[in-house]
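This report concerns only the one structure given below.
The values are calculated or read from the model by the stated rules, or taken from the named source; none is laboratory data. Since we're looking at a predicted model, the values are computed, not measured. Note that we place each Cβ from the backbone using ideal geometry, even for glycine, and neighbour counts take in every protein chain shown.
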Amino acid sequence: MKKVLFALTAVLGLSLALVATGCGGGGGGGSDDDDTPAAESGSSDSTGLVAVPGATFDGTTAITGSSVFISGRTITIPNLMVCDHEVTQAEYQSVMESNPSNFQDNPASGETQANRPVEYVSWYDAIMYCNRRSDGEGKTPCYKVNGNADTNQWGYTPHAGNSISGSITCDFNANGYRLPTEAEWEYLARGGNLTNTNQTTYSGTGDIGNLAWYTTNSGSKTHEVKKKTKNSLDLYDMSGNVWEWCWDWYDSISTSTPPTDAASGSLRVLRGGGWSSDASGCSCTVSNRGGDNPSGRSFNYGFRVVSSRSE
């Protein structure tokens, strides 16, 4: 049985809580809401989207340390367009017309506030952003609440620590923006490598200092995206900077045959660790899992977007 840690961490005077599993260490984020072959890497386009070919994991040989790519489980990762960076404050504000981020002042020398990742966003805020951005770019939105993709009909106020009421579904065939599934996220973080050969501890290399902003080098703040080394799929910051929301419910993968994701729950998945994560607690590793209430907000929580592609 996997060990689940409920860690309370005081960061900048605020109390944060995140549930994390996967490698015997503590989580690095927290809620502050009030209530198989390696894929070929692509080059990013003008919007920072990278074409990533899909793959199938047949469950014959589990990936050591993974709670997702396990024996007996078949997972097909579709062809994707993936944002090579975490959604920035400028990108978020251009769509949502507001910026809830805690880190809007005092960027590191040579950096700008606009290009730091947006944070203090809930899972609900993230899916609303996805639909609104999709609408704005003439794409078909992925998310529906009670069958309605129009965010104006959701009865939801962003950044208020509240919840979206109703049944939330995702159309994975739509060409709009969405959060990655947990399996997609881990596939991307592993550079498309679904074998036990040449796996790295973190997303890109085994040296966390070269590719991640974390507690030792972050200076207790977020940093501009794309300042650290990218991984083999040309994706940045998949370890560190901010934790990234995923679509899935957070629960241990079922022991059924084949094992499946949780169909419901109280927490949504967070991955990748953030600026306050400790390397010794392995929060920034490609295998570590975290989760929080979908209404949870923290200056550790952000997200990146993906989009399905047919070719």
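General observations
- Taking the conditions (1) out of contact with any strand residue (DSSP E or B) (no Cβ under 8 Å at 6 or more places or on another chain); (2) assigned to a strand (DSSP E or B); (3) not aromatic (Phe, Trp, Tyr) in turn, THR76 satisfies each one other than (1).
- Check on ASN106, over 14 Å from VAL305 (Cα atoms), in contact with an Asp or Glu (Cβ under 6 Å, 6 or more places away or on another chain) and surrounded by fewer than 22 Cβ atoms within 10 Å (Cβ to Cβ): no
- Selection status of GLU111, out of contact with any helix residue (DSSP H, G or I) (no Cβ under 8 Å at 6 or more places or on another chain), buried (at least 19 other Cβ atoms within 10 Å of the Cβ), among the acidic types (Asp, Glu) and assigned to a loop (DSSP other than H, G, I, E, B): no
- Summed over region 235-244, the residues that are out of contact with any Ser or Thr (no Cβ under 7 Å at 6 or more places or on another chain), under 12 Å from GLY290 (Cβ atoms) and in a loop (DSSP other than H, G, I, E, B) give a count of 0.
- For beta carbons closer than 8 Å, sequence separation of 6+ or different chains, a first residue in region 169-183 that is farther than 17 Å from ASP261 by Cβ and a second that is crowded, with 21+ Cβ neighbours inside 10 Å and β-branched (Val, Ile, Thr), the qualifying pairs are TYR177/VAL305; TYR177/VAL306.
- The condition of being in a loop (DSSP other than H, G, I, E, B) and surrounded by 15 or more Cβ atoms within 10 Å (Cβ to Cβ) holds for only one of TYR156, TYR124, TYR129, that being TYR156.
- Qualifying residue in region 86-101 (condition: charged (D, E, K, R), touching a Pro at 6+ places or on another chain (Cβ under 7 Å), closer than 30 Å to ASN193 by Cβ and part of a loop (DSSP other than H, G, I, E, B)): yes
- Which numbered condition TYR129 misses (of (1) touching a strand residue (DSSP E or B) at 6+ places or on another chain (Cβ under 9 Å); (2) within 27 Å of SER298 (Cβ to Cβ)): (1)
- Residue check for SER71: farther than 18 Å from THR181 by Cα and at pLDDT below 95: yes
- Here region 163-218 is the region considered, the condition is being assigned to a loop (DSSP other than H, G, I, E, B) and within 14 Å of the chain's Cα centre (by Cα), and the residue that is surrounded by the fewest Cβ atoms within 10 Å (Cβ to Cβ) is THR181.
- Among the conditions (1) part of a loop (DSSP other than H, G, I, E, B); (2) surrounded by 22 or more Cβ atoms within 10 Å (Cβ to Cβ); (3) hydroxyl-bearing (Ser, Thr, Tyr), the only one that SER67 does not satisfy is (2).
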